[in-house]
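So the structure is just underneath, and the comments pick up after that.
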Amino acid sequence: MGSLVPDSVTGLDFALTALFAVLALDAIRDLRGDLPTPVLALLCALVARLLFPGQLLPTAFALFTAGLLARRLATRRKPAHV
């Protein structure tokens, strides 16, 4: 996908770095009683690096998304019956 971005686009590298920094800070602030989001992200990146080093970013994102969904399903509270 990165090869589709024209060379005339400047500042995209900074914007993406800033985006990930802000997302990381937001995740650190959102600490809960379960597995912290930054720890989950780090584990996903390490697994992706070990299993698919040539496709690290897409694999890490897919694993992270799956991890977040699994955590959400595991911690979801059942609605109260009225």
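Could you compute the FRET efficiency for LEU73 and VAL47, with r as their C-beta to C-beta distance and R0 at 25 Å, rounded to 0.05?
That pair, LEU73 with VAL47, gives E of 0.80.
Using amide H atoms built 1.01 Å from N in the peptide plane, name the residues 5+ places from PHE52, or on other chains, whose amide H lies under 5 Å from its own.
So PHE52 has HN proximity to no qualifying residue.
What does the highest-first list of 64-74, 9-19 look like by mean Cβ count within 10 Å?
Taking the mean over residues of other Cβ atoms within 10 Å, the ranking is 64-74, 9-19.
What full-extension length gain, to one decimal in nm, is calculated for GLN55 and LEU25 as 0.36 nm per residue of separation minus the Cα-Cα distance?
8.3 nm
Any read-out appearing in this document is the output of simple, stated calculations on the displayed coordinates, not a laboratory observation. Being a predicted model, the structure only gives us computed values, none of them experimental. Positions of Cβ are backbone-derived with ideal geometry, glycine not excepted, and every protein chain shown enters the neighbour counts.
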